[in-house]
Amino acid sequence: MRLELENVSMVYQSGTPFSARALEDVSLTVEPGERLAVAGPVGSGKSTLLAILAGVETPTSGRVIHGTREISRRQTPPPGSIGLAFQSPENCLFEKTVYSDVSFAPRRQGLDGLEVRRRVENALAAVGMDPASMGQRSPFSLSIGEQRRVALAGVLAMEPRALLLDEPTAYLDPAARRDLIRQLVELNEQTGVTMVMVGHDMDELARFAGRLVIIDGGRKVAEGRAEIILTDSALLARHSLDPPGTVEFCSLLSAAMGDQVAPALSEEQTIETLMQIMEGKC
Amino acid sequence: MQVSNMVVGQYYPGTSILHRVDPRTKIIAACAFVIVLFMVNGFEGLAVMGAGLAAVIALAGIPLPWLWRGLKPVLFLLVITLAFQMFLSGGEELWRLGPVPVYRNGLVQGAFLTARLLLLVLSGSILTFSTPPVLLTDALGRLMEPLAKLKIPAYELALMMTIALRFIPTLVMEVDRIIKAQKARGAVTSGGGLLVRARGIMPVLVPLFVMSFRHADELALAMESRCWRGGRGRTIRRKLAFSKKDAVFATAVLAVLAASLWIGRLQ
């Protein structure tokens, strides 16, 4: 599903001494099936952008369009069409078992038992959990990483047409982060679900995103293919962001060799570059 | 429902005379106001008190929309009070609202109780609107100091009250987030029958409790790790001191209260 923002501005608590501008005149189109990352420093308005894109927050001005449908306070998105996971979604677990928590949304959608079962099993499998062994455990007995997966499975079980994730890897250990990103990419490639992820870890976004938007001070300051934005160290530095490790490595290598090395976005690509250099030298 | 728009006793920054009066004076004045509120009979007395309160609000420079937002959460209670009295008190029938009779006594009683409740909530709100939480704790602690002689942990009690007050906006924000997250998963939090609604609140209530306990744990840990040991031997940077302003303010409040009592008694 195509998601669009048109000249969206957002002011929290407007008309009070606590009035805070979160977004200013942001326009953005998320194409169906793409993986878009929204990056920016802390407090730049990324989370607000995501909430408005999902239709749970109504902007002060501007239009939000899902597919062909304009979203407003009255006209909320149809249930199940948008999967939204706020920061630390595991804080919203509440059922007695993992199975019943993940099945909460499909049961609400009024699906029959068999379909609910299929969806729960698919959703848990998609986040790398075994439905048979995990299903009957209490979500509160799990580790934070496992709880995070259960919470994301609860969103996936709606089989939404667009998945919006606010820092899904925050507070996870490095191995769990890597797994989660890989699973999200796989899911997107298999089902073609549109994905928008907010984050500020550029290594992670490099593995995830096809396209990247940078938000700073509530304004959209850059937008483009991931390989272009992520290799532009000067642009990233201007907005308090670090380039991915591989890009940094390539630029250090360039400086050391006194020769321009093309920046690489992944470890595999870096190795390829190194091989080429070595072949050239020998 | 936009929960995040609710203000329950949130401090409204300002430099008015009310903001600068000693918080202890304000607390005592608010308490006296509430006591007199329940002693006064008749609308005339309430009207005098209301006028006094209106003057204080104007003095503090708190804008009406802010006041209104603070009142919204109790609006339901006010309406219920009025409705119960109006429809269920019995006695002389005044008119009929469709098939439901409205009683004269009930209408008068209801209006009186609603006005009293309104003034009660307003007087409390003005106190917290015009006093930063830190000052409120200091003042409460100082006012309850004599209780410490009776082995009552006065300072701790004051701190508990302030922490509770401090966490209202935090919890409100969290509830807002949880509701949004659960709504996105199809949880119904409004509408439907009583049973549906009661069940609909579980997805919000359980996470809220889990988080509140976590907050409490973390806060306790943070306080301990910074060597918080209760009120014993604690010094205060901002010394509270009564001044001329307090005398003027207290006299004015006393005058209004005395006048309202006097007029209330005439009934």
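The values are calculated or read from the model by the stated rules, or taken from the named source; none is laboratory data. Since this is a predicted model, take the numbers as computed values, not measurements. In this analysis, Cβ positions are derived from the backbone assuming ideal geometry, glycine residues included, and neighbour counts consider all displayed protein chains. Heads up: the accessible areas ignore ligands, DNA and RNA and are worked out on the full protein's heavy atoms, side chains in. Shrake-Rupley method; radii C 1.70, N 1.55, O 1.52, S 1.80 Å.
What residue, of A:Met158, A:Met195, A:Met202, is over 23 Å from A:Ser143 (Cα atoms), within 14 Å of another protein chain (Cβ to nearest Cβ) and not small (Gly, Ala, Ser)? Spell out how you get there, then give the answer.
On the way: A:Met195 fails: within 14 Å of another protein chain (Cβ to nearest Cβ); A:Met202 fails: within 14 Å of another protein chain (Cβ to nearest Cβ).
On inspection, the qualifying residue turns out to be A:Met158.
Among what's in the range A:241-270 and is of a type in the set (Asp, Glu) and in contact (Cβ under 8 Å) with a residue 12 or more places away in the chain, pick the residue that is farthest from A:Met202 (Cα to Cα). Lay out the reasoning, then the answer.
The initial filter retains those residues of the range A:241-270 that are of a type in the set (Asp, Glu), namely A:242, A:248, A:259, A:267-268.
Remaining after also requiring in contact (Cβ under 8 Å) with a residue 12 or more places away in the chain: A:242, A:248, A:267.
Numbers: A:Asp242: 7, A:Glu248: 11, A:Glu267: 14 Å.
Checked the range A:241-270; the qualifying residue farthest from A:Met202 (Cα to Cα) is A:Glu267.
Filter the range A:143-187 down to the residues that are of a type in the set (S, T, N, Q) and surrounded by fewer than 19 Cβ atoms within 10 Å (Cβ to Cβ) and list them by number.
Answer for the range A:143-187, where residues must be of a type in the set (S, T, N, Q) and surrounded by fewer than 19 Cβ atoms within 10 Å (Cβ to Cβ): A:Ser143, A:Gln183.
Being farther than 28 Å from B:Val210 by Cα and assigned to a helix (DSSP H, G or I) is the requirement here; does A:Leu241 meet it?
no
Being more than 14 Å from chain A (Cβ to nearest Cβ), over 29 Å from B:Met211 (Cα atoms) and either in a helix (DSSP H, G or I) or at pLDDT 80 or above (or both) narrows it down to one residue among B:Leu67, B:Leu136, B:Leu157, B:Leu117; which is it?
Testing whether each residue is more than 14 Å from chain A (Cβ to nearest Cβ), over 29 Å from B:Met211 (Cα atoms) and either in a helix (DSSP H, G or I) or at pLDDT 80 or above (or both) leaves just B:Leu117.
For the range A:98-132: of the residues being within 14 Å of another protein chain (Cβ to nearest Cβ) and more than 17 Å from B:Arg199 (Cβ to Cβ), which is surrounded by the most Cβ atoms within 10 Å (Cβ to Cβ)?
Looking at the filtered set, the residue picked out is A:Val102.
Identify, from the list B:Ile35, B:Ile62, the residue that is hydrophobic (A, V, I, L, M, F, W, C) and outside any helix (DSSP H, G or I).
B:Ile62
Quick one: how many residues across the range B:220-266 are of a type outside the set (Asp, Glu) and assigned to a helix (DSSP H, G or I)?
26
Counting just the residues of the range B:17-35 that are of a type in the set (Val, Ile, Thr) and open to solvent by less than 20 Å² (accessible area, probe 1.4 Å), which one comes out nearest to B:Thr128 (Cα to Cα)?
Among them, the one singled out is B:Ile27.
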